[in-house]
1. Of S7, S96, which residue is polar (S, T, N, Q) and either crowded, with 20+ Cβ neighbours inside 10 Å or more than 23 Å from H133 (Cα to Cα) (or both)?
2. If I ask for residues that are within 16 Å of ligand 1 (Cβ to nearest atom) and not aliphatic (A, V, I, L, M), which ones from the range 187-214 would you list?
3. May I ask you to list the residues in the range 229-249 that are over 24 Å from N330 (Cβ atoms), of a type outside the set (A, V, I, L, M, F, W, C) and not in a helix (DSSP H, G or I)?
4. Can you name every residue in the range 146-196 that is of a type in the set (A, V, I, L, M) and at pLDDT below 95?
5. If a residue has to be at pLDDT 90 or above and either out of contact with any His (no Cβ under 8 Å at 6 or more places or on another chain) or assigned to a helix (DSSP H, G or I) (or both) to count, how many in the range 92-111 make the cut?
6. Which residue, of A41, A49, A61, A12, is surrounded by fewer than 21 Cβ atoms within 10 Å (Cβ to Cβ) and assigned to a helix (DSSP H, G or I)?
7. Would you pick out the residues in the range 27-84 that are within 16 Å of ligand 1 (Cβ to nearest atom) and acidic (D, E)?
8. Are there any pairs with C-beta distances below 9 angstrom linking a residue in the range 159-181 that is within 18 Å of Y215 (Cα to Cα) to a residue that is more than 16 Å from ligand 2 (Cβ to nearest atom) and basic (K, R), with the two at least 6 apart or on different chains, and if so which?
Amino acid sequence: MRLIGRSESMRALEADLECAARSDAKVLITGETGVGKEVVARLIHERSARTRGALVALNCAGLPDSLLESELFGHMRGSFTGAYKDKPGLLESASSGTVFLDEVGEMSPRMQVVLLRFLESGEIQRVGADRSHRRVDVRLITATNRHLETHVASGAFREDLYFRLNVIRLVIPPLRERADDIPLLVSYYLERYSQIHHLDAPEVSTDAMATLADYRWPGNVRELKNVMERLVLKSAGRLVTSQDLPLEVVRGDLRAARSRPGQPNRGDASEPSRAEELAALMLRDGESFWSAVFPVFKSRDLTRADLRRIVQLGLESANGNYRLLVRLFNMPNEDYKRFLSFLRKHDCQLPYQRFRAARMTDHTTPHSVRTAV
Ligand SMILES: Nc1ncnc2c1ncn2[C@@H]1O[C@H](COP(=O)(O)OP(=O)(O)OP(=O)(O)O)[C@@H](O)[C@H]1O
Ligand SMILES: [Mg+2]
């Protein structure tokens with residue numbers, strides 16, 4: 001297992017990780033979903049002196065207190081229905097190893113007390129036992145995608161527990177804040193999934209790479225990984241263009257482009273125009289052109305200028321690609337010709353070239369050559 005990423009923040013994280021591995025102190029890892037918190041926890045264990053011991057992971061979310069407590073501390077026979085024999089908990093099984101508690105921010109107030117008591121004494125009391133069973137030697141690594149400080153401030157998370165857990169703090173930045181890592185991760189996962197599926201790796205056009213680098217990646221590396229697996233399955237051995245990317249990625253790119261300051265063609269009015277509203281219905285809310293725009297235009301509630309503006313907004317997001325525009329406006333691919341002849345008939349088919357050119361000057365990516373889509 002390794003941490004992929006050469007951005008400055010990932011190199012700093014690697015250094016902090018090494019440092020954490022050399023010590024035995026508790027570690028709190030924070031970051032959005034899918035950024036690699038579990039990967040980091042596993043690497044710390046692997047590189048630490050405890051590597052020959054076990055690494056036991058437990059997700060605290062979604063488990064009722066009683067189950068969480070018995071998972072962690074074990075239970076005595078007869079302590080609840082179904083407890084047929086004494087059972088050690090994870091803390092015992094991980095003795096001289098590491099325990100990784102994921103989503104620790106979800107722990108109930110009662111479980112927070114139980115965990116705190118254990119951290120203070122190092123002693124384990126199995127569920128149903130009337131005294132502590134034994135002391136264990138484990139290292140604790142916790143993770144959460146919540147903003148724990150806010151939960152401490154609101155009283156939802158105990159401050160004393162927070163201070164106990166937050167000895168070494170590792171913060172993993174979201175992927176969008178380290179866009180330099182995106183091309184690296186893209187190549188890595190395309191290669192990896194091609195091997196797994198015994199397919200030829202697709203090549204990514206410069207333009208598609210720019211779109212991938214611009215996307216917000218709310219699901220971070222996990223999301224990117226899934227998108228790459230789908231691309232391998234769909235486009236093995238071919239050149240991937242923006243048109244092959246999932247719609248949410250292309251749409252996200254559009255939103256990013258719009259919010260960039262100094263972007264040309266941005267209406268000055270703060271209120272969205274009718275055309276912008278209709279474009280958003282399709283680009284953001286998934287409505288089809290045939291239901292959102294076509295009837296309104298036919299009934300003359302929309303002017304030609306409005307329709308041109310809608311096409312313009314679409315072409316901006318589709319980087320001048322009419323086939324992609326058809327997808328973004330939620331029409332089936334077969335409607336391509338029908339859509340174009342409709343635009344031509346009403347003199348609303350804008351030349352696509354300038355949208356491609358606009359984007360070329362707009363981007364600052366390491367790729368110097370752009371492949372036409
Ligand atoms: N820097 C990285 N290098 C390699 N793989 C990564 C990296 N970051 C994340 N991954 C991969 O992304 C996926 C998600 O990572 P992980 O499970 O560690 O995320 P997480 O932060 O624990 O997410 P969650 O908050 O949803 O539990 C995993 O398949 C992991 O292998
Ligand atoms: Mg996780």
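1. S7
2. S187, Y188, Y189, E191, R192, Y193, Q195 - these are the residues of the range 187-214 that are within 16 Å of ligand 1 (Cβ to nearest atom) and not aliphatic (A, V, I, L, M).
3. G237, R238
4. L148, V152, A153, A156, A179
5. 13
6. A12
7. Those that are within 16 Å of ligand 1 (Cβ to nearest atom) and acidic (D, E): E32, E38, E46.
8. P174/R216; L175/R216; R176/R216; D180/R6; D181/R6
The values are calculated or read from the model by the stated rules, or taken from the named source; none is laboratory data. Predicted, not measured: the structure shown is a model, and the values here were computed from it. Don't worry about glycine lacking a Cβ; one is built from the backbone with ideal geometry, like all the others, and counts go over all protein chains shown.
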